[in-house]
1. Mind listing whichever residues of the range D:112-131 are in contact with a strand residue (DSSP E or B) (Cβ under 7 Å, 6 or more places away or on another chain) and closer than 17 Å to D:Ala96 by Cα?
2. Among the residues of the range B:267-305 satisfying the criterion of being within 14 Å of chain A (Cβ to nearest Cβ) and acidic (Asp, Glu), which is farthest from B:Thr13 (Cα to Cα)?
3. For the range B:173-189, what are the residues that are out of contact with any helix residue (DSSP H, G or I) (no Cβ under 7 Å at 6 or more places or on another chain) and crowded, with 19+ Cβ neighbours inside 10 Å?
4. Test B:Leu121 against the criterion of being out of contact with any Phe, Trp or Tyr (no Cβ under 8 Å at 6 or more places or on another chain), away from every other protein chain (no Cβ under 12 Å) and buried (at least 20 other Cβ atoms within 10 Å of the Cβ), and give yes or no.
5. Within the set of pairs 6+ apart or on separate chains, which have a first residue in the range B:123-135 that is closer than 14 Å to B:Glu81 by Cβ and touching a residue at least 12 places away in the same chain (Cβ under 8 Å), a second that is of a type in the set (Asp, Glu) and part of a loop (DSSP other than H, G, I, E, B), and C-beta atoms under 9 Å apart?
6. Let me confirm something: among C:Leu305, C:Leu243, which residue is part of a helix (DSSP H, G or I), touching a Leu at 6+ places or on another chain (Cβ under 9 Å) and of a type outside the set (Asp, Glu)?
7. Among (1) closer than 20 Å to D:Glu297 by Cβ; (2) away from every other protein chain (no Cβ under 12 Å), where does D:Val219 come up short?
8. Any idea how many residues of the range B:94-111 are in a loop (DSSP other than H, G, I, E, B), more than 9 Å from chain A (Cβ to nearest Cβ), on the phi < 0 side of the Ramachandran plot and not acidic (Asp, Glu)?
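The values are calculated or read from the model by the stated rules, or taken from the named source; none is laboratory data. All figures in this text were calculated on a predicted structure; none of them were measured in a lab. Every residue, glycine as well, gets a Cβ built from its backbone with ideal geometry; the counts of neighbours run over all protein chains shown.
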Protein chains: 4
Amino acid sequence: MTDFHGIIPPLLTPRTAHGEIDRAGLAALVDHLVAGGVHGIFVLGSSGEVPYLTNAERDLVLSSAIEAAAGRVPVLVGVSEQTTTRVLDEADRLLAIGGDAVVVTTPFYALSDAAEVERHLRAIAAHVSVPVFAYDVPVRTHMKMPLDVLVRLAEEGVIAGVKDSSGDDVGFRRLLLATKHLENFAVFTGHEVVTDGAMLGGAAGIVPGLGNVDPAGYVRIYDAAKAGDWQAAAAEQDRVAALFDITGAATPGRVSAGAAGLGGFKTALQLMGVIGSNRMAEPMEALNAEEAERVREIVAAAGLL
Amino acid sequence: MTDFHGIIPPLLTPRTAHGEIDRAGLAALVDHLVAGGVHGIFVLGSSGEVPYLTNAERDLVLSSAIEAAAGRVPVLVGVSEQTTTRVLDEADRLLAIGGDAVVVTTPFYALSDAAEVERHLRAIAAHVSVPVFAYDVPVRTHMKMPLDVLVRLAEEGVIAGVKDSSGDDVGFRRLLLATKHLENFAVFTGHEVVTDGAMLGGAAGIVPGLGNVDPAGYVRIYDAAKAGDWQAAAAEQDRVAALFDITGAATPGRVSAGAAGLGGFKTALQLMGVIGSNRMAEPMEALNAEEAERVREIVAAAGLL
Amino acid sequence: MTDFHGIIPPLLTPRTAHGEIDRAGLAALVDHLVAGGVHGIFVLGSSGEVPYLTNAERDLVLSSAIEAAAGRVPVLVGVSEQTTTRVLDEADRLLAIGGDAVVVTTPFYALSDAAEVERHLRAIAAHVSVPVFAYDVPVRTHMKMPLDVLVRLAEEGVIAGVKDSSGDDVGFRRLLLATKHLENFAVFTGHEVVTDGAMLGGAAGIVPGLGNVDPAGYVRIYDAAKAGDWQAAAAEQDRVAALFDITGAATPGRVSAGAAGLGGFKTALQLMGVIGSNRMAEPMEALNAEEAERVREIVAAAGLL
Amino acid sequence: MTDFHGIIPPLLTPRTAHGEIDRAGLAALVDHLVAGGVHGIFVLGSSGEVPYLTNAERDLVLSSAIEAAAGRVPVLVGVSEQTTTRVLDEADRLLAIGGDAVVVTTPFYALSDAAEVERHLRAIAAHVSVPVFAYDVPVRTHMKMPLDVLVRLAEEGVIAGVKDSSGDDVGFRRLLLATKHLENFAVFTGHEVVTDGAMLGGAAGIVPGLGNVDPAGYVRIYDAAKAGDWQAAAAEQDRVAALFDITGAATPGRVSAGAAGLGGFKTALQLMGVIGSNRMAEPMEALNAEEAERVREIVAAAGLL
């Protein structure tokens, strides 16, 4: 069984200036990540614009990413559907293409409770043949994964880990504490600017959207943390946190929160020459020239140009 | 062009005791509604458990409903997908089966803003060949449809109407006021217990989940309102509002909010002999015997047994 | 015991251009309301800027209002404090000045539950010698008053009524239904634009902030409703709802939501010559000249200039 | 000017079994904290049940705390009122008794925006003669303090620091980064279980409610962090985090969230012999015997009995 740890960026989905999935850009981005030393890639997550992709596009993105990764790092696959039976269908279709693990959220659009979340995760784990990671992202699902459910499923080996993007640092630490005794359970933080503290608390790794832009920076944080050099980890985190300001480069109110964050990442990668366009999925708008100039200043200040 | 008005219940999706879609039960339910005098049916809405249906099940439900309706009433089709391109795919697949209008929400799981909602609805309307109704259901999408967007799209004829399940009675009245001058624009309330006031304010009709159970009751409210007999409308609304207590028959905390509400409807219909089972879609649990007994008392008190 | 019903506007607190409480303006406003035919006034509510008033100012406002009302209409007194013991102190101080009833919210700033809200209301009712109205305003307290608590306290005579500003029209109707059999229990709506529906559902009256500007309009709605002329009530509601747009006259983003709403009311009254200044309590900003011009157009269109 | 740093627990307010403020218990608690090595105490915060205290009780608590502290540690004073002018009155009354700094929230019950929060804090700082700390506690005020406002007020020296109980770890880190260059600005975390990460990010100290129970534990975390021994800090944090489970000892649903958390602290201190009763302020209920037994097990496991 694959060991999941370290830096596993949620892969962006580059598009051409005409709006199609940019397979060449995607391959270049995967190379950029592998060159930066990442330990895996997470395909079809929120950073990959998964809610905006048709099924055909999801298939294309996954096959392209697996081809680009070429076995150099494991590929985790986001399975983003509204409820259990739809997740099973989606997982079947995607895993037929490939992937080393699935990453699944709570039901969304539905009005669920803790018991339904537990049955949901159990049903998925019983159905698929790869490890299941629970993806806790209430800003999108509007439901926090209950701590006791996660701990129970961890202890029974139903789930292999958690990607926590909940913004609830207290719950994150309690999850770490409650699963510290489980050797094969991995808790990842999805928050870009508090990763040193997450590692200090015992996280197995980091799933940073910003890691698309600066994979090597996150690898340095991870390596420093594993070496016990916490001061170095914190210093590098501070540097990378300044870079995170690219998510605030959009003129306030001009584009949506989704478009501002991912648009900042895509624009930085375009400026760095990794991808060819900062085009976003419909109906999101790309950052404009004025906003791109702000991104450029921040990226330059971080020494990435 | 079809005129949309009156009572248009969001069709429940009956299941057999084994969990499959119950086509016979669905046909019986459609007959029950038509016999009650409804003016249309809304298939694949939240009450139809749409987030829990696989694509194959959605297709089956729609084709079964159209067959059962047999042209007696128009069929509105819910298109429940995360963002624009996925809605287009879903609409293409479903409208190939049939349907007289589509009903679409804001994007969900995404982090949108007003401009994206507007582009979303415009793109859908440009793509499909049937009228588009905007479905405002922030309890599920976690985004209220902006009033100014709805009014602009109404004035331009992009959308044919709104199904408002927002729980924002002030916004509902302002939408009614702002669109009163538009002859072919129809605003429906999705809230079961304040329909007399909604009609008094100028609503075109009602999309009541509870209308699955008591279609004739809602038709009486509508007819009284159209006849200007508001006292009769209010009295009938009070009677039907008491029936709405079946949504609170589940033991507190035993099942999710989604399962409690729809479970109450299904259980009532089972007790009334319309459908054969109160089975819910996974991962929701059905009401148990004790809870069904509470439903029976309420349904009996309403004179429906 | 006083009978509470009809139109009971929550009295604004006029200030001079220098920011002091304007006693003359307050007296003029009370005269304006009484001339409009209102059935009571509610002093020290949210519309009265009560969270912004020092205790000395609260005392001054109450004594001024009672003096101005001069027994022509009953005076309900808002008691706006964080929790039970502070409410008791506040009620003692204010009722020593006068008042025919107190209006109290759930605790706020506290993290309460239903049982604490019930004990809170019971303690207050046991302490004061005037009727207690529960003021349900979750937009400010961030806690919805539980329906079962309100019904139980109504049935036991602990509370004399409810002022519902919850924006939950379904809960409002269910409260009306559950208390319809109680002769001396009065449910008021606090929402300005859905009052015809509220009356149709059985409300005892309306507590409209906008009633400061157009008391006669609300009295016409009430009288039409009591006479069973619902079409007239709805038509008048539509007219007054258009006037409510003064709460949206502020340039988006320039002032807070609180300042925009109350600022619209104050500016309208200044333009109508009832009060001398649209000055707001600190730290709220008053509407500026450009915004006042928008208010003027709306007020003129409503025929109030 | 006093230097504010280190462990500054928000002092609980002990009550006698009859419900009065327990001055002896309060003095014993202050001694317990000072003996534990704390660097200050924060009186009249949320943990001190400040929303539940009458003004007379607030005065008594503050004077008792200052007397008990006897100059051994600085005393920070919570000024908990709805808006600006009320805060000024409250600050005047309390600072006449004493205190080395005030700690103030955003307005609450009001509907404010960023500009009003800024004017609010500026007005308070201009009025009082002691340093002002901004207290960011949106779980109670329902308004997050805007980052840019805090940074601007920090740079201008208007505020001396921030107590962050926002639960927004990303915002916390960005505040630390943005104010790192300000020598006399102190950012404290109010969250008990992620203090090692907060210190690693550059926090000046910790304001832990749980520090009432185990002040020495938090002092050990702080000392390890200052010595650069992060592994020791994390290990001690893990130990103390397990103790935090006393806030979950109440039977689910029996008491409010407020009563459960503070009730756990009070019960632990009663079991440890520091205070005589776990009585809570009205309308909160104290933990019962069964719940106290659960607290005892956790406290014993932490080695504090």
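1. Step one: of the range D:112-131, the residues in contact with a strand residue (DSSP E or B) (Cβ under 7 Å, 6 or more places away or on another chain) are D:121, D:124-125, D:128, D:130-131.
D:Ile124, D:Ala125, D:Val128, D:Val130, D:Pro131, listed by residue number.
2. The first filter runs over the range B:267-305 and keeps only residues within 14 Å of chain A (Cβ to nearest Cβ), leaving B:279-286, B:288.
Within this subset, residues satisfying the condition of being acidic (Asp, Glu) are B:282, B:285.
On the way: B:Glu282: 13, B:Glu285: 15 Å.
Filtering first and then ranking leaves B:Glu285.
3. Scanning the range B:173-189 gives B:Leu176, B:Ala186, B:Phe188.
4. Considered against the rule, which asks whether it is out of contact with any Phe, Trp or Tyr (no Cβ under 8 Å at 6 or more places or on another chain), away from every other protein chain (no Cβ under 12 Å) and buried (at least 20 other Cβ atoms within 10 Å of the Cβ), B:Leu121 comes out as no.
5. B:Ala123/A:Glu282
6. Numbers: C:Leu305 fails: part of a helix (DSSP H, G or I).
None of the other options fit; the residue is C:Leu243.
7. The single condition D:Val219 does not satisfy is (1).
8. Counting residues in the range B:94-111 that are in a loop (DSSP other than H, G, I, E, B), more than 9 Å from chain A (Cβ to nearest Cβ), on the phi < 0 side of the Ramachandran plot and not acidic (Asp, Glu) gives 3.
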